[in-house]
Amino acid sequence: MGGAAMIPVRNPRSGEIDYSIQPASAEQVAAEAKRLRKAQPKWQALGASGRADVLRRWADAIEARTEDIVAPLSVDTGRLRIARIEVEGLPRSIRRWADRGPEIIAALDAKDRPSAFPGVSISTRHLPYPLFGAIAPWNFPVVLSTIDLIPALMAGCAAVVKPSEVTPRFLEPLKETIAAVPELERVLAFVLGGPETGQALIANVDYVCFTGSVATGRKVAEAAARAFIPANLELGGKDPMIVLASADPVQAARTALRASVVASGQACQSIERVYVARAIAQPFIDALVHEARACRLNHPKIREGEIGPFIFARQAETVQAQIDDARSRGARVLTGGTVERLGGGLYLRPTVIIDVTSDMAIMREETFGPVVPVVIFDDVEEAIAQANDSAFGLSAAVLAGSAAEAEAVGAHLEAGAVSINDGALTSMVWDAEKSGFKSSGLGPSRTGDQGLTRFFRTQALIRQNGPPMNLAAFAEDA
Ligand code: NAD
């Protein structure tokens, strides 16, 4: 058969190509889909608590192999602590859905009740989409390959997942945990590959969840439209943070920094624009620069520091180009600002930029790096207008002296989630429902109960309790 060319995988700390994957062909994806579809009815018939038990066994199997998964994930992402947080969070997430799922599912079906139409009663059943598919990005490879998968399995779907070809190494040990639970292995497949494999996945599933960039999201939505399946999209962001005059400037600076530069800014819900009230702007910026300079790179030791390498080399170029463009148009870089090549890896120290204007790429396009552009405002209405002046609407944040004051401003922000007196809380809090506004997403919430209920189709059972109508009832002379 030969198959498509191997895809090389780069190590973000050494810069070396030291791994490769064989992409799954369209035929292979179709064969997997066929196998999964065949097994799905039995999985559905297990019932919610039966599926929850199987999922709990998967959680146990993952826990027993935590370090085996952390190690390759850490190689692909160039960071250790966050890799561990990802892997340790997976069994917790599985157990959360296993505990909560049966209750949510039990509440879905509505018992027979009279219809407004005389003589008829109605009930509803909820049937899972038979085959669910997910396509994931490289920034949190384990979390984003499984966040939609777990509730889909809980719902009774069979599932096929395509992680990013940039960060595929966690899959080998994860597959062993799946093999340890045969009932699960029958309904869950992972396929590796790039865009072609992603397109093949869409052509074979009944519901697709995509996490990634807006540009790819559009291609996924187009392919899903051709296949007539729902596309649930979680895309990029340009999240604003508004810091009101009543906020403590030093604490606000620390919060802004963490929410912007954690994971080297390679997170969709990173704070990428800060609007600070003039009254506290100077102490805020001073503290931000001070805290940013205190950050250490995870180089040469992975076990030290806060800032890891860029996972995807091209991202470093994008970030540098945005900084250089801003600088050339009058922005001032107070700290950071230059990508460094260290031991083959690409790093950027936390970068604070002022004197930015709303027409600069750094204020309009997703940066996906540890960069904090700061704008000073005099009037909160103006800050709200600027925060909303974006093609994105993923999430936002407001810091103030009181929650009530922050909420009053947050209520005007066009974003699917607003962190009040903190930033980027959606990275940690998964039980609130939220939508992606504007170009940041499409479809129901992946978090909260809707994260599970979205995977059901509703079937109405409409019962005629009296005599059915005859055609005579519609005769023109009736
Ligand atoms: P990407 O869009 O380049 O790739 C994502 C996935 O899509 C990969 O698995 C890739 O192989 C696949 N793909 C590429 N072309 C395809 C095609 N034509 N058809 C089907 N699949 C295709 O994204 P990325 O660079 O890996 O990830 C970074 C992006 O993800 C950022 O924009 C970030 O904001 C976004 N993101 C969003 C969220 C969220 O929850 N909203 C979370 C994390 C990341």
| field | Within the range 252-269, considering residues that are open to solvent by 30 Å² or more (accessible area, probe 1.4 Å) and more than 22 Å from S402 (Cβ to Cβ), the one farthest from the ligand (Cβ to nearest atom) | value | V262
| request: Please determine, by comparing only the residues of the range 443-478 that are among the hydroxyl-bearing types (S, T, Y) and more than 18 Å from A48 (Cα to Cα), which one is surrounded by the fewest Cβ atoms within 10 Å (Cβ to Cβ). | output: T447
| Criterion violated by P240 - all others in (1) of a type outside the set (V, I, T); (2) more than 13 Å from the ligand (Cβ to nearest atom); (3) closer than 19 Å to S427 by Cβ; (4) in contact with a Pro (Cβ under 9 Å, 6 or more places away or on another chain) satisfied | (4)
| field | Residues of the range 128-186 satisfying the condition of being within 16 Å of the ligand (Cβ to nearest atom), surrounded by fewer than 24 Cβ atoms within 10 Å (Cβ to Cβ) and of a type in the set (K, R) | value | R169
| remark: Of the listed residues (L233, L244), the one being in contact with a helix residue (DSSP H, G or I) (Cβ under 8 Å, 6 or more places away or on another chain) and more than 23 Å from P151 (Cα to Cα) is L244
| said: Quick test for you: out of R13, R51, pick the one residue that is surrounded by 19 or more Cβ atoms within 10 Å (Cβ to Cβ) and touching a strand residue (DSSP E or B) at 6+ places or on another chain (Cβ under 6 Å). | reply: R13
| query | Would it be correct to say that R96 is over 24 Å from A33 (Cα atoms), assigned to a strand (DSSP E or B) and in the same structural domain as T453 (by TED's automatic domain parsing)? | reply | no
| request: Determine whether I285 is part of a helix (DSSP H, G or I) and open to solvent by less than 50 Å² (accessible area, probe 1.4 Å). | output: yes
| Condition broken by V220, with the remaining ones in (1) β-branched (V, I, T); (2) under 30 Å from D206 (Cα atoms); (3) outside any helix (DSSP H, G or I) satisfied | (3)
| remark: Flagged pairs (Cβ under 8 angstrom, 6 or more apart or on separate chains; first in the range 394-420, part of a strand (DSSP E or B); second acidic (D, E) and crowded, with 24+ Cβ neighbours inside 10 Å) are S395/D239; A396/D239; A397/D239
| field | All positions within the range 388-408 that are in contact with a helix residue (DSSP H, G or I) (Cβ under 9 Å, 6 or more places away or on another chain), open to solvent by less than 50 Å² (accessible area, probe 1.4 Å) and under 19 Å from Q269 (Cα atoms) | value | S390, F392, L394, S395, A396, A397, V398, L399
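The values are calculated or read from the model by the stated rules, or taken from the named source; none is laboratory data. Computed from a predicted model, the values in this text were never measured in an experiment. A quick note on method: Cβ atoms are made from the backbone with ideal geometry, for glycine too, and the neighbour counts reach across all protein chains shown. Accessible surface is based on the protein model in full, side chains and every heavy atom, while ligands, DNA and RNA are left aside. Shrake-Rupley method; radii C 1.70, N 1.55, O 1.52, S 1.80 Å.
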